[in-house]
Amino acid sequence: MADLNTVNEGATCLYEATLRDETGAVIIGTALDSLTLTVYDVLTRAIVNERNHQDVFNKNGVTISAEGVLRWVLTPADNVMIGTGPERRRAAMFVAVWASQTKSCPHEFTWLIRNLTYLPQGSP
């Protein structure tokens, strides 16, 4: 699993992880029934970029390969600053479902959004 660490407000970036089942085996993309994503501000629990249980099974910036590699290209709207202060913690929760919807793999991670001192007008 890759970690985003700190991301500048309004930045585009890439997150990658390998999904694994309860035995540690890779969950291949073709085995999935569904894949959803929820993104929220940790402090306020505000949903970010309308990603509330959003269907991301090979769409909306997310792909899952036959080898189980999940790739998400985060957009500037995913890394928008909410509130004030030098940084804010963001969380993302992927939920992969497979085996005729009898198995589920929640996959959560967090990262920091750095509040830029000056973001030029017209920036995303």
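The values are calculated or read from the model by the stated rules, or taken from the named source; none is laboratory data. In this text, all values refer to a predicted model and were calculated from it rather than measured experimentally. Using ideal geometry, Cβ is built from the backbone for each residue, glycine included, and neighbour counts are taken over all protein chains shown.
Which of the numbered conditions does Ala17 fail, given that it passes all the others? Conditions: (1) modelled with pLDDT under 95; (2) of a type in the set (A, V, I, L, M); (3) not in a strand (DSSP E or B).
Condition not satisfied by Ala17: (3).
Give the residues of region 32-54 that are of a type in the set (A, V, I, L, M, F, W, C), surrounded by fewer than 17 Cβ atoms within 10 Å (Cβ to Cβ) and outside any loop (DSSP other than H, G, I, E, B), sorted by residue number.
Filtering region 32-54 for residues of a type in the set (A, V, I, L, M, F, W, C) gives 32, 35, 37, 39, 42-43, 46-48.
Pick out the ones that are also surrounded by fewer than 17 Cβ atoms within 10 Å (Cβ to Cβ) and you get 42-43, 46-47.
Ile47 - this is the single residue of region 32-54 that is of a type in the set (A, V, I, L, M, F, W, C), surrounded by fewer than 17 Cβ atoms within 10 Å (Cβ to Cβ) and outside any loop (DSSP other than H, G, I, E, B).
Quick one: which of Met1, Met93 is at pLDDT below 95 and under 22 Å from Leu112 (Cβ atoms)? Step through it out loud before you land on a result.
Details: Met93 fails: at pLDDT below 95.
Residue meeting the stated conditions: Met1.
Limited to region 13-25, what total is found for residues that are touching a Leu at 6+ places or on another chain (Cβ under 8 Å) and surrounded by 15 or more Cβ atoms within 10 Å (Cβ to Cβ)?
Kept after step one, since they are touching a Leu at 6+ places or on another chain (Cβ under 8 Å), are these residues of region 13-25: 13-19.
Within this subset, residues satisfying the condition of being surrounded by 15 or more Cβ atoms within 10 Å (Cβ to Cβ) are 13, 15, 17-19.
Total meeting the criteria: 5.
Consider Lys59 carefully, then state whether it is more than 30 Å from Asn115 (Cα to Cα) and of a type in the set (Lys, Arg).
The answer is no for Lys59.
Considering only region 74-89, how many residues are surrounded by 14 or more Cβ atoms within 10 Å (Cβ to Cβ), in a strand (DSSP E or B) and either charged (D, E, K, R) or touching a helix residue (DSSP H, G or I) at 6+ places or on another chain (Cβ under 6 Å) (or both)?
2
If I go through region 90-112 residue by residue, how many of them are in contact (Cβ under 8 Å) with a residue 40 or more places away in the chain and within 13 Å of the chain's Cα centre (by Cα)? Walk me through it before giving the result.
From region 90-112, those in contact (Cβ under 8 Å) with a residue 40 or more places away in the chain are 90-101, 103, 105, 107, 109-112; that's our starting set.
Add one more test, that the residue is within 13 Å of the chain's Cα centre (by Cα), and what stays is 90-96, 107, 109-112.
Count: 12.
I need every pair where a residue in region 11-24 that is more than 30 Å from Ile113 (Cβ to Cβ) has its Cβ under 6 Å from the Cβ of a residue that is β-branched (Val, Ile, Thr) and surrounded by 11 or more Cβ atoms within 10 Å (Cβ to Cβ), sequence separation at least 6 or different chains.
Once the first residue is more than 30 Å from Ile113 (Cβ to Cβ) and sits in region 11-24, its partners that are β-branched (Val, Ile, Thr) and surrounded by 11 or more Cβ atoms within 10 Å (Cβ to Cβ) give Asp21/Ile27.
Taking into account only those residues within region 58-73 that are free of Cβ contacts under 8 Å to residues at least 40 places away in the same chain and not in a loop (DSSP other than H, G, I, E, B), which is surrounded by the most Cβ atoms within 10 Å (Cβ to Cβ)?
Restricting attention to region 58-73, the residues satisfying the condition of being free of Cβ contacts under 8 Å to residues at least 40 places away in the same chain are 58-63, 65-66.
If we keep only those that are not in a loop (DSSP other than H, G, I, E, B) too, we end up with 62-63.
Working: Val62: 20, Thr63: 15.
Restricting to residues being free of Cβ contacts under 8 Å to residues at least 40 places away in the same chain and not in a loop (DSSP other than H, G, I, E, B), the top hit is Val62.
Do the conditions hold for Val97, that is, is it β-branched (Val, Ile, Thr) and in a loop (DSSP other than H, G, I, E, B)? Steps first, please.
Working: β-branched (Val, Ile, Thr): yes; in a loop (DSSP other than H, G, I, E, B): no.
It is false that Val97 is β-branched (Val, Ile, Thr) and in a loop (DSSP other than H, G, I, E, B).
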